[in-house]
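Taking it in order: structure first as structure tokens, then the write-up.
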Amino acid sequence: MLKCMKRLPCAVTALLLCANAVAQNGYWKATSNTARSVTGDITISGERLAIYFQPFTIADIRELTPDEITAAFNFDTPDGVQGKLYRLSIAADRKFLHKNTICGAEETQYMATAVQGKTMQVAFFSGSKMPSLKPEDLNNSTNLCGTYMYSR
């Protein structure tokens, strides 16, 4: 019995990490004007992101803190919001809807996501350096390419 009790915190942590990954996964319908005009609907599935039927490999870097989620995204309340930072590579010349690109003339290298219920917000970043998601850094960021909103 004591052995099981010692393993319980590890099991709970693993379950929570899996639940967060599952929250991001699936088909997301573009709901913001930016999402409808650039990416269209997207799908996240494990290590894959599909934008306009074009697949990209993504690498899960880490969970976002509540402060980072509040700084980077616009939710009415931070309750129940789960966020992740991913690494990816979308070439600058890759065109999506209406011949739009995600980061203009720069390669898209990071994606931050935040999910609350049936709503997901996504921010794309250029630059090889991992983006800082602190409010003061985001306000002056030249690497933030845009934010998009999706729903299920």
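The values are calculated or read from the model by the stated rules, or taken from the named source; none is laboratory data. Since the structure is predicted, the reported quantities are computational estimates derived from the model, not experimental observations. Glycine gets a Cβ as well: all are built from the backbone with ideal geometry, and neighbour counts include every protein chain shown.
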### Task
Quick one: in the stretch 71-86, of everything that is modelled with pLDDT of 95 or more and of a type outside the set (A, V, I, L, M, F, W, C), which residue is farthest from ALA123 (Cα to Cα)?
GLN82
### Message
I'd like the full set of residues that are of a type in the set (A, V, I, L, M, F, W, C), over 21 Å from TYR27 (Cβ atoms) and within 14 Å of the chain's Cα centre (by Cα), limited to the stretch 76-104.
### Response
LEU85
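Looking at the stretch 41-88, which of the residues that are of a type in the set (S, T, N, Q) and under 14 Å from MET149 (Cα atoms) is surrounded by the most Cβ atoms within 10 Å (Cβ to Cβ)?
Restricting attention to the stretch 41-88, the residues satisfying the condition of being of a type in the set (S, T, N, Q) are 43, 45, 54, 57, 65, 70, 74, 77, 82.
Pick out the ones that are also under 14 Å from MET149 (Cα atoms) and you get 43, 74.
Details: THR43: 14, ASN74: 9.
Result: THR43.
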## Note on the structure
Scanning the stretch 105-149 residue by residue, the ones that are of a type in the set (A, V, I, L, M, F, W, C), over 15 Å from ILE42 (Cα atoms) and either at pLDDT below 95 or within 14 Å of the chain's Cα centre (by Cα) (or both) total 6
### Query
Can you list the strands (runs of 3 or more DSSP E) found entirely within the stretch 28-77 that contain at least 1 residues being acidic (Asp, Glu) and either farther than 27 Å from ASN139 by Cα or in contact (Cβ under 8 Å) with a residue 12 or more places away in the chain (or both)?
59-63
### Query
What number of residues in the stretch 17-44 are modelled with pLDDT under 95 and within 19 Å of ILE102 (Cβ to Cβ)?
1
